[in-house]
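Working notes for the structure below.
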Amino acid sequence: MDDPPPFACTHRPERQTSFLTRSQAVGSLAQTVAASSRPAILVQALSVLGAFMIKISDEMREHINNALANGLPCLVATTSQDGWPHISPKGSVMVYDDTHLAYWERTKRATLDNIKHNPKVTVYYRDPATRQNYRFYGVATVHGDDPVRKAVGDRVVPLERQRDPDWKGLAVLIEVTKITNLAGETLQED
């Protein structure tokens, strides 16, 4: 007999085997981690299941975090409520951690409105001189008065920070679910 597919529940052979998707299994384990007195062991289990598949590389981090200084601000693509694409340069895009990008939303216009209706975004980076290019696909969350907003605000590049001297902006955190190059080849996927 072939091995069961990942996440098959076969501990009770008298019952029909049920299957969990990877995201269901990860979600269930994540809830257990939150309630556990021994989270380190469960975090290891999540890692084995591939819960942390996206890892923004050091090379990507270098390109993204220096994009504005190099004259190559990232573009953030969103979709309006009526389905129209919207692209906006965001000079404050940064690598927040190994699985997230973030930026400081100081204008609070179309991009922010679009995220409220549809949080799926694409962040585009391209350096024509080095031919490095990435599309980061992900799900955005807006952070107002919380520690994420402060953490992002504290890391905003000075040029962007000067454009919001009264600190009125919001932090947008993007959980990256897929990274491709411009040829459409998948580099990483959750």
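Applying the criteria of a DSSP loop state and at most 16 other Cβ atoms within 10 Å to the chymotrypsin sites (Phe, Trp or Tyr not before Pro) of the range 97-190 yields TRP167.
Rg over Rh for the range 58-189 works out to 0.94, using Cα positions for both radii and the Kirkwood form for Rh.
None of the figures in this text is laboratory data; all of them are computed from the coordinates on show. The shown structure was predicted, so the numbers you read here are calculated from the model rather than taken from an experiment. With ideal geometry, Cβ positions are generated from the backbone for all residues, glycine too; neighbour counts draw on all protein chains shown.
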